[in-house]
1. Provide the per residue accessible area, probe 1.4 Å, for the stretch 27-257, rounded to a whole number of square angstrom.
2. Lys188 to Lys22: FRET efficiency via 1/(1 + (r/R0)^6), r the Cβ-Cβ distance, R0 30 Å, to the nearest 0.05?
3. Separation between the Lys153 and Tyr8 pseudo-spin-labels, each 7 Å from Cα along Cα→Cβ, expressed in nm?
4. Using a 1.4 Å probe over the heavy atoms of the protein chains, calculate the carbon and sulfur portion of the accessible area of the chain as a whole percent.
5. Would you calculate a helix-derived [θ] at 222 nm for the chain, using -39,500 (n - 2.57) for each DSSP H run of n ≥ 4 and dividing by the full residue count, to the nearest 500?
6. With a ≥ b ≥ c the root eigenvalues of the C-alpha gyration tensor of the stretch 27-257, is it rounded (a/c under 1.5), prolate (a/b larger than b/c) or oblate?
7. Give Lys76/Lys153; Lys64/Lys231; Lys188/Lys231; Lys64/Lys184; Lys209/Lys231 a once-over and call out the pairs whose C-alpha atoms are over 21 Å from each other.
8. For the stretch 7-54, which GluC sites (Glu not before Pro) are both in a DSSP coil and crowded by at most 13 other Cβ atoms within 10 Å?
Amino acid sequence: MNWQKSAYKTNEKTLMDLFDNKMSAIILENFINDEDCQKIEEGLQQIGLKHYNYQYNIDVPEAKHIFDTHYLYEHKKPEEYFPKAKETNLLYHAFCDTINFDPFLKVQKHLSNNWTKPVQIAKQNNNDYTHVIARELQSSALLHADFAQFIPKHWSISEIIAQYAWNIYLTDPGIGGECVVYNKLWEKEDDQYIYKQTYGYDEKVVEGKESTQIAIKPGSLVFFNSRNFHKVNKSQKMRLSIGGHVGLTSAGNLLMWV
Ligand SMILES: [Fe+2]
């Protein structure tokens, strides 16, 4: 199979091929309809997107979000993260009640329908991880990779053996906004190329690697292997999406968190 090709349907084979990095993405257009896209966007705007509280001392592109992610807590203690996770999960459920729609649940059900083993929200000592984030990335996102196996071992999600990201795009970003994915899985030694603390790698890390550009269409659900280096191009207009991570355990279960 040619890596640069995407799959346009979800089944056990395409999901497994994506974990095995045999292809670049699974793209499902019209996963949600225009009306639901608008409903989600309006609901998010009502809560209000806020700037990330990055602890970086170097400039990073402006990014706004709603709901917390585990990523910003990965070097902190679980006692600090899980109370925040509970808060953010409550906020997400209140949001779903308001718009009468749960996009995360739709993705989880979609995966469950196409996977034999359980598809669950990641847990630790009975606490749910955060599992959905809304992001506005018009100003771009730097080159990076996401792979929980490399995070400190006191997190249960570090047991995953492969990982991808899911995103539902909500707005038309106009010119630009593509998600660029490189056929280059993150290895520990690549960290010599980090130039912005834990986020942002020098393009040298992907030099000579094939890549694909995923165009953004509102209503699409896209899965890609997030252990591959990826970045988001700057766009002309607002680029709002909702998404999270899916991890494969050695038992074959799928875990969802963000
Ligand atoms: Fe990412």
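The values are calculated or read from the model by the stated rules, or taken from the named source; none is laboratory data. What you see is a predicted model; the values in this text were computed from it and never measured. Glycine gets a Cβ as well: all are built from the backbone with ideal geometry, and neighbour counts include every protein chain shown. The accessibility values were calculated without ligands, DNA or RNA, using every heavy atom of the protein model including side chains. Shrake-Rupley method; radii C 1.70, N 1.55, O 1.52, S 1.80 Å.
1. 46 Å²
2. After rounding to 0.05, the efficiency reads 0.85.
3. 4.6 nm
4. Carbon plus sulfur share of accessible area: 46 percent.
5. Result for the chain, helices only: -7000 deg cm²/dmol.
6. rounded
7. In this structure, Lys64/Lys184 lie more than 21 Å apart at Cα.
8. Glu29
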